[in-house]
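Values quoted throughout were computed directly from the atomic coordinates according to the rules given, and no laboratory measurement underlies them. All values derive from a computational prediction rather than experimental measurement. For neighbour counting, all protein chains shown are included, and Cβ atoms are generated from backbone atoms with ideal geometry for every residue, glycine included.
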There are 2 protein chains.
Amino acid sequence: MSRTIEGSPRADGFRLPGEFEPHAGCWLLWPERPDTWRDGARPAQAAFAAVASAIAGFEPVTVGASPAQYRNARAMLPPAVRVVELQADDSWMRDTGPSFVINDAGLVRGVQFDVNAYGGREHGLYAPWENDRLVATKVLELERLDRYVAPLVLEGGAITSDGTGTLITTLDCVINDNRNPGRSRAAIEAILRDYLAAETIVWLPHGLMHDETGGHVDNIVSFVGPGVLLLAWSDDRADPSYERVREAQAILSRARDARGRAFEIHKLPLPRPTAMTSAEASTLTISTDAKARRAGDPVCASYINAYVGNGVVVVPTFDDPADEPARALYARLHLTRRIVQVPARELVLGGGGIHCITHEQPKPQGIPGRFIQLKS
Amino acid sequence: MSRTIEGSPRADGFRLPGEFEPHAGCWLLWPERPDTWRDGARPAQAAFAAVASAIAGFEPVTVGASPAQYRNARAMLPPAVRVVELQADDSWMRDTGPSFVINDAGLVRGVQFDVNAYGGREHGLYAPWENDRLVATKVLELERLDRYVAPLVLEGGAITSDGTGTLITTLDCVINDNRNPGRSRAAIEAILRDYLAAETIVWLPHGLMHDETGGHVDNIVSFVGPGVLLLAWSDDRADPSYERVREAQAILSRARDARGRAFEIHKLPLPRPTAMTSAEASTLTISTDAKARRAGDPVCASYINAYVGNGVVVVPTFDDPADEPARALYARLHLTRRIVQVPARELVLGGGGIHCITHEQPKPQGIPGRFIQLKS
């Protein structure tokens with residue numbers, strides 16, 4: 001039901017909306033692999049259920065679960081959440097779901113990038129990833145939406161859009177031989193322009209330190225709206241990302257968006273650096289299929305990694321003094337949205353956050369009048 | 001997203017529509033098990049694809065496929081067919097899908113019966129069947145439709161409805177200790193009345209001979225519309241079902257429907273008796289999980305086992321002299337529908353037919369005016 005469309009979204013008049021634009025709903029995948037998620041994934045499942053429940057109070061939520069986990073997911077999630085069968089290799093809908101693009105007539109299509117578990121067999125986080133490669137297809141089939149297939153390895157968490165032609169991303173996760181070997185920056189930019197209708201691409205060299213993805217943008221910077229950014233920040237020299245957030249600040253301060261504007265940048269504090277405890281590590285299943293996680297390994301937590309929905313922002317907490325200032329800043333910048341805090345320690349232990357496990361599906365408002373033709 | 005509703009469809013004003021009423025679409029499951037479907041299920045997959053394609057010309061079609069078969073199903077099916085992931089234990093959507101009920105306000109809900117692979121571990125056709133038990137749930141979740149859970153083992157192919165309170169079914173497949181041990185006819189009838197809003201239940205003792213299900217009604221009789229039946233028929237005394245169709249005729253001739261009318265009965269010829277050939281049997285995979293099928297085993301073919309859709313009847317062919325008279329009778333009785341013939345030998349080799357592998361989802365027309373309240 002989902003046709004594959006030749007050509008490109010840009011040529012067809014589609015754009016990548018901002019995440020702060022209206023949503024038709026939100027997608028997640030249900031966690032289960034015990035070599036990513038400690039204790040047989042039960043604590044992560046409770047955390048995912050809390051995120052899904054928080055969002056479901058504001059917009060429709062669909063959670064994809066494997067056949068083996070379907071009953072358990074259905075039982076742990078509230079009735080308002082739709083559960084569909086959807087086998088993936090892990091549970092990062094942000095990264096494996098389609099990039100939805102929209103046009104002024106109110107049409108939605110999907111852009112399907114390739115994925116390779118964050119760097120392939122040698123540098124990636126798990127193997128195989130053949131089910132991950134089908135997640136975008138399956139979501140678009142479920143929604144009966146047509147798709148473009150982009151010739152690039154790109155996770156959704158590697159990019160952020162202002163909805164008006166500005167894309168921010170990181171070199172580490174895109175122009176990297178572990179994803180797109182031998183591809184030049186110019187060639188990759190051409191694909192981003194064609195498939196995501198990006199007019200201006202702002203490249204940060206890195207994301208945060210210890211980000212297992214190699215440094216996704218969605219831990220370090222996000223759009224509040226066109227021209228307005230949240231930037232992860234720390235004034236603690238001992239913070240491993242101390243230099244990186246300053247580097248990002250320098251680049252973003254000089255940058256101009258697709259409309260030629262400078263960015264208004266708001267600093268969002270980082271939680272204190274933290275590591276996996278022995279108790280946490282001891283309940284991980286050892287596996288040959290996934291990167292080992294050990295006691296003492298730094299984990300990468302960030303309040304940037306949040307979900308902006310219809311009338312809500314779901315913001316992580318880490319039992320950290322910065323939980324409250326983070327909440328307060330979101331509240332100040334999103335005046336029309338409720339702020340709902342959800343504990344996210346279990347998510348960062350698995351290598352991600354609230355943004356990584358969610359993926360909004362836009363609901364274009366359309367401009368019906370634009371296509372009214374008067375008979376002569 | 002699919003709430004479980006207490007109470008019963010009858011109490012809530014819902015009814016089981018006739019299959020000839022308007023559809024929102026049609027559901028199928030993709031065949032794959034090599035111990036049911038010969039030659040690694042490839043010939044069956046081509047046959048299922050032909051049925052799905054025929055229907056997709058007239059109404060939306062969704063095919064559920066396992067994670068392992070998703071790519072293959074997507075490749076073998078035309079773009080107009082939606083493919084969703086849906087793990088089942090075999091591919092009988094008629095039997096494992098929900099019984100959709102509708103009300104006059106245009107609402108649709110699902111009734112979820114239990115299944116046990118046509119008779120359980122000892123008498124059934126395969127094991128396990130835990131995925132089959134979830135098929136109705138998954139379909140209703142996908143469609144965001146609420147469900148009733150009926151306390152009865154009942155396959156969809158075991159019943160047929162005229163949409164106005166008349167149900168025809170067979171004793172062999174319902175009042176049988178291999179499905180519902182120790183349950184009285186009265187107790188079972190009470191459930192059928194409550195969950196399918198049946199006012200009049202016509203019991204045939206048997207279906208056709210050699211029907212692996214034990215004798216589903218959907219091989220022997222179907223409704224053309226309220227009061228009008230098609231009955232499988234043979235004048236060949238050597239036909240194994242010669243006595244059974246006469247027995248059914250005698251019962252149906254005396255029966256009255258829920259509105260007190262006698263049935264108008266049209267005899268639809270049976271194809272000649274046939275058996276599995278050595279060539280066919282030789283490519284079946286032997287398994288401990290499924291009933292063995294051997295060369296020389298009789299197979300049960302019937303033109304009753306067809307799909308009535310929006311503007312179409314998909315009728316099986318068996319390379320048999322009765323193919324044409326069967327087509328002609330369908331054409332005469334369904335004046336507003338196109339008749340599309342599809343070869344179905346591969347389906348009967350697996351134990352079913354076109355009706356067994358499909359399941360319509362009704363599209364209630366509603367009576368909007370009924371709920372308009374005038375302000376006083």
query = Can you work out ³J(HN,Hα) from phi for every residue in the range A:88-96, in order, using Karplus 6.51 cos²θ - 1.76 cosθ + 1.60 and θ = phi - 60°, giving whole Hz and x for Gly and Pro?
reply = 10, 8, 8, 10, 10, 5, 3, 8, 9
ask   = Shape call for the range B:2-126 from the C-alpha gyration tensor, a ≥ b ≥ c root eigenvalues: rounded (a/c under 1.5), prolate (a/b greater than b/c) or oblate?
value = oblate
request  = Note the distances from B:Ala238 to each other copy's matching label point, with points 7 Å along the Cα-to-beta-carbon direction, in nm, sorted shortest first.
outcome  = 9.4
Label point 7 Å beyond Cα along the C-beta direction, distances from A:Thr285 to other copies (nm, shortest first) = 2.4
query = Taking the Cα centre of the range B:106-246 as origin and charging only Cβ (+1 Lys, Arg; -1 Asp, Glu), how large is the dipole, in debye to the nearest 20?
reply = 320
DSSP beta bridges in the protein assembly as shown [antiparallel fraction, %, rounded to 5] = 45
request  = Using a/c under 1.5 as the rounded threshold, could you call the range A:23-364 rounded, prolate or oblate? The axes a ≥ b ≥ c are square roots of the C-alpha gyration tensor eigenvalues, and prolate needs a/b larger than b/c, oblate otherwise.
outcome  = rounded
query = With a sphere of radius 12 Å drawn around the Cβ of A:Asp211, what net charge do the other residues whose Cβ falls strictly inside it have (Lys, Arg +1; Asp, Glu -1)?
reply = -3
query = Counting Lys +1, Arg +1, Asp -1, Glu -1, what net charge surrounds B:Phe318 among other residues with beta carbon under 13 Å of its beta carbon?
reply = -2
ask   = Which of B:Pro98, B:Ile188, B:Met209 sits farthest toward the positive end of the charge dipole of the range B:23-366, with +1 on the Cβ of Lys and Arg and -1 on the Cβ of Asp and Glu?
value = B:Pro98
note = About its Cα centre, the range A:215-289 carries a charge dipole, from +1 on Lys and Arg Cβ atoms and -1 on Asp and Glu Cβ atoms, whose size in debye to the nearest 20 is 440
query = How many nanometers, to one decimal and shortest first, lie between the label point of A:Arg144 and those of its other copies, if labels sit 7 Å from Cα toward Cβ?
reply = 1.3
task = Might you report the magnitude of the Cβ-based charge dipole of chain A about its Cα centre, with Lys and Arg at +1 and Asp and Glu at -1, to the nearest 20 debye?
result = 860
key: Rotational relation B to A, axis-closest Cβ in chain B, residue and distance rounded to whole Å   = B:Glu85, 2
note = With a ≥ b ≥ c from the Cα gyration tensor eigenvalues, square-rooted, and the rule rounded for a/c under 1.5, otherwise prolate when a/b > b/c and oblate otherwise, the range B:186-304 is oblate
query = Which whole number gives the average, over all residues in B:80-89, of C-beta atoms from other chains lying within 10 Å of the residue C-beta?
reply = 5
note = Scoring the range B:23-366 by relative contact order with C-alpha pairs under 8 Å, at least six apart, yields a percentage of 21
key: Residue-count net charge about B:Tyr242 - beta-carbon cut-off 14 Å; Lys, Arg +1, Asp, Glu -1   = 0
key: Per residue Cα convex hull volume in Å³ - calculated over the protein assembly as shown   = 203
